[in-house]
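Everything below concerns the one structure shown next.
The values are calculated or read from the model by the stated rules, or taken from the named source; none is laboratory data. Because the structure is predicted, anything quoted here is derived from the model rather than measured. Here the Cβ positions follow ideal geometry from the backbone for every residue, glycine too, while neighbour counts run over all protein chains shown. Ligands, DNA and RNA are excluded from the accessible area calculation, which covers all protein heavy atoms including side chains. Shrake-Rupley method; radii C 1.70, N 1.55, O 1.52, S 1.80 Å.
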Amino acid sequence: LLSGTQTGEMTIWNGFQFHFENILQAHNGSIRAMQWTPEEHVLVSGDQLGIIKFWDQYIYNFQTFQAHKESICDISIAPTGLKFCSCADDSHAKVWDLRTGEEERAFTGHGWDVKCCHWHPTKGLVATGSKDSQIKLWDPRASEAITTIYCHNNTVSKVAWSPNGQFLASGSRDQLIMLMDIRTMSVRKVFKGHTKEVTSLCWHPESEALLASGGHEAAIHFWDTFGTPAPIESVPGAHEGPIWSLAWHPLGHLLVSGSNDYSTRFWSRARPGDKSFTELLPKKIALGANDAPIVIPDDLHVGTIFKSGIFADMPGPLLPPEPKVEEPVVQALTDKANVSEKPTLGLSIGEGADKKDVFDTSDFDAEEGITRPATKPEVAVEKVADASHAATAVAGGSSTQVAKAGSETSTDASKATGAAASSSPSAAPSSAPASDGKDEKTKPVEDGVESARTEDSKVSPVADSKASEAVAA
């Protein structure tokens, strides 16, 4: 079996084991029609681009030509195998010489697209069906129609001659199948059974009493041409889509159907004891339908892409903010209080009299034996046993002003401070020569004391009276 696809691929199927044997890219467009010559030496195929190709029995393409400007709809070969007819989505059909590939004649008479054509099996007679709801019979030697048959109310989608050529069956978009007798040129039977457009027709190769049809509703009906107008058997839901093609096995024991659902299905005749086709059809249960659903983790967060940006939903009405919950706040404050009660680990800058500035390096200088001038002339005053007030001495330029503050219990300290302030103008010049005679190692200490006195500073009254007299001296 040969099947053509919409992608232009041609597949060869094994008719005994029902598997495909070969597949090839035959056309650049969708394959619309294929037919073998009576001797089965040449295969003629047409595609959506209007191109016709000739293939030999080994499926080798030996000739290609542009036959129509529009998409080809049907191809039919003469019983002699020397000529063939083609029709396309234009208003005329053409007759070609199969040996040379040249056009011999064009059938002009239809008022719309010619959808189907079929050559009589024994005579020089061609039947065509068109979108103008007409069926015309042509003499291949003339360009005018012999007769026109008006029996359909819509597009004629398929015409097919019976094996001996006595009857002509036609399927239309009006859901009807007409059976005409060409000897009397009359409609013999009207078959009603399809609920949508009739898309394919095929006569049994050995008997004129059996006709198979496929519809756009994916159903296959079998008709008795000498019996009742109702189908003798039906296969509803034979495919998941429209059935585009039907073909019988040359011996007549198999029927194959090609559909829009990308599948090709083989149908056999019933065995003794079989009652209905519907009982024989396989159950349409998807593979793994009874299994648990497979959950794929969304590691790339693909789902969030369709919830943001241009894929996001329209924003709703503006909602008021939710009230704050008090319990977690109280718990947080309680936790913070508990944390503050714990001893702080790590370094500290000290408290009270031991408090030091961040830039204070006196501890390191004491270890290294270095004495530096005070970078900040501020000394903290804390916990004086015998004084409740602080006294501040400010020295600037050549004069020094001492401010006294104290209580009744610190009279001696106040007198010592006042003596130091009154004697400072005379002590200043005597301190210079005294420093010259001292050792150089003690000079930085005096320099530090002198610099502390010359700058605006606060002197702590922590020192006792003897220390005050030493500074005044």
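Overview of results
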{"quantity": "GLY101 small (Gly, Ala, Ser) and either open to solvent by 30 Å² or more (accessible area, probe 1.4 Å) or over 24 Å from ILE177 (Cβ atoms) (or both)", "calculated": "yes"}
{"quantity": "Tabulated pairs, segment 31-52, first in contact (Cβ under 8 Å) with a residue 40 or more places away in the chain, second basic (Lys, Arg), C-beta under 8 angstrom, 6+ apart or interchain", "calculated": "VAL44/LYS53; SER45/LYS53; GLY46/ARG32; GLY46/LYS53"}
{"quantity": "Segment 226-242 - residue that is modelled with pLDDT under 90 and open to solvent by less than 30 Å² (accessible area, probe 1.4 Å) and, of those, nearest to GLN166 (Cα to Cα)", "calculated": "GLY227"}
{"quantity": "Residue that is crowded, with 21+ Cβ neighbours inside 10 Å and more than 19 Å from ILE72 (Cα to Cα), where the choices are LEU168, LEU137, LEU176", "calculated": "LEU168"}
{"quantity": "Odd one out for GLY252 among (1) closer than 26 Å to LYS115 by Cβ; (2) of a type outside the set (D, E, K, R); (3) open to solvent by less than 20 Å² (accessible area, probe 1.4 Å); (4) part of a loop (DSSP other than H, G, I, E, B)", "calculated": "(1)"}
{"quantity": "Meets criteria (touching a residue at least 60 places away in the same chain (Cβ under 8 Å) and surrounded by 19 or more Cβ atoms within 10 Å (Cβ to Cβ)) for GLY215", "calculated": "no"}
{"quantity": "Hits in segment 223-278 - residues which are more than 24 Å from ASP74 (Cα to Cα), in contact (Cβ under 8 Å) with a residue 40 or more places away in the chain and among the hydroxyl-bearing types (Ser, Thr, Tyr)", "calculated": "THR225, SER234, THR278"}
{"quantity": "Neighbours by Cβ (under 6 Å, 6+ apart or cross-chain): first from segment 140-152, surrounded by 11 or more Cβ atoms within 10 Å (Cβ to Cβ); second at pLDDT 85 or above and of a type in the set (Gly, Ala, Ser)", "calculated": "PRO140/GLY124; HIS152/SER133; HIS152/SER172"}
{"quantity": "Unmet requirement for THR11, which otherwise passes all of (1) at pLDDT below 90; (2) among the polar types (S, T, N, Q); (3) within 18 Å of SER257 (Cα to Cα)", "calculated": "(1)"}
{"quantity": "Filter result for GLU21 (under 24 Å from THR199 (Cβ atoms), free of Cβ contacts under 8 Å to residues at least 24 places away in the same chain and touching a strand residue (DSSP E or B) at 6+ places or on another chain (Cβ under 9 Å))", "calculated": "no"}
{"quantity": "Elements of type strands (runs of 3 or more DSSP E) contained in segment 135-232, each with 1 or more residues being over 49 Å from the mean Cα position of the chain (by Cα)", "calculated": "135-138, 145-149, 156-161, 167-172, 176-181, 186-192, 210-215, 220-224"}
{"quantity": "Every residue from segment 82-95 that is open to solvent by 10 Å² or more (accessible area, probe 1.4 Å) and either in contact with a Ser or Thr (Cβ under 8 Å, 6 or more places away or on another chain) or closer than 13 Å to GLY46 by Cα (or both)", "calculated": "ASP89, SER91, HIS92, LYS94"}
{"quantity": "Qualifying residue in segment 109-119 (condition: at pLDDT 90 or above and either in a loop (DSSP other than H, G, I, E, B) or farther than 26 Å from HIS204 by Cα (or both))", "calculated": "no"}
